[in-house]
Amino acid sequence: MKKGAVVIFARRPELRKVKTRLHSRIGESLALSLYRAFLADTLVAARQSGARVILAHTAGPAFPEQALADITICQQGGNFGERFDFSLAEAKKLLPAGTPLVLIGADTPQLSPNFLNKATATLRIHDAVIGPNDNGGFYLLGFSKQPIPVAAVFAHTAEEEPRELDRLLREVGFRTAFLEQQFDIDQPEDLTRLARLISHLERTHSDWIPRNTRNLMRSQRLISPTATPTLLLG
């Protein structure tokens, strides 16, 4: 099987357009800075995994994080599902036939290079892989052959998405595997979880720490610099 690829499906970093559910707690400017840190760490993890790195972003002027990708794609489509399907299909067209591909967002900077390698390795014996969020929906989707359109899945509630997607894939003969649950950073309480996780990674000398995220959260006093993983949101 050919070397894998990681597609990061992301919004272009823009004030008041990213991490909007955090605005009321940390403000628009810091929410943007956090998002940029998440995006940078995600791109770095993908690169360190040895995969081909593709950034599929929303339209707008160029931005610095694009330099961390091997290939950039401007999303196209009238809604989230259409942009999602377009990005998957476009990435497959740009890669050698048979390249295993996983797609993730920019909201899970804790995903390590080794974890991304594990997702790609799963595609050696499966046609598709799904990483479910523990609060519904999925944080990762991967294919070892031509992806099928999944826009219809997004018409369902978040809790139904992984089951519905698995059903859809199996109906067309795909062998599907599930990865362990993860969480993405969307709400203020997710920042608390991320602070605890970063503290744990540092205590255990993990081979992956999302350093851009860690450094920003510390500098802005979103997490305590002590060993106690306390979130300082005021």
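The values are calculated or read from the model by the stated rules, or taken from the named source; none is laboratory data. Note that the structure is predicted; figures quoted are calculated from it, not measured. Cβ sites come from the backbone with ideal geometry, for glycine too, and all protein chains shown count toward neighbours.
Within segment 125-139, not a single residue is buried (at least 22 other Cβ atoms within 10 Å of the Cβ) and polar (S, T, N, Q). Only residues that are hydrophobic (A, V, I, L, M, F, W, C) and within 18 Å of Glu189 (Cα to Cα) were counted across segment 1-36, and they come to 7. Out of the residues in segment 15-51 that are surrounded by fewer than 15 Cβ atoms within 10 Å (Cβ to Cβ) and without any contact (Cβ under 8 Å) to a residue 12 or more places away in the chain, which is farthest from Pro210 (Cα to Cα)? Only one residue fits best here, namely Ser24. Assessment of segment 195-203 against the conditions (acidic (Asp, Glu), modelled with pLDDT of 85 or more and over 19 Å from the mean Cα position of the chain (by Cα)) yields at least one matching residue.
When Lys145 is tested against (1) surrounded by 18 or more Cβ atoms within 10 Å (Cβ to Cβ); (2) of a type outside the set (Val, Ile, Thr); (3) in contact with a strand residue (DSSP E or B) (Cβ under 9 Å, 6 or more places away or on another chain), exactly one condition is not met: (1).
For segment 1-14, filtered to residues that are more than 15 Å from Glu65 (Cβ to Cβ) and surrounded by 23 or more Cβ atoms within 10 Å (Cβ to Cβ), the residue that is farthest from the chain's Cα centre (by Cα) is Gly4. Among strands (runs of 3 or more DSSP E) entirely within segment 61-179, having at least 3 residues that are under 30 Å from Ala195 (Cβ atoms) singles out 101-104, 128-132, 138-143. Picking from residues in segment 96-112 that are hydroxyl-bearing (Ser, Thr, Tyr) and modelled with pLDDT of 95 or more, the one that is surrounded by the fewest Cβ atoms within 10 Å (Cβ to Cβ) is Ser112.
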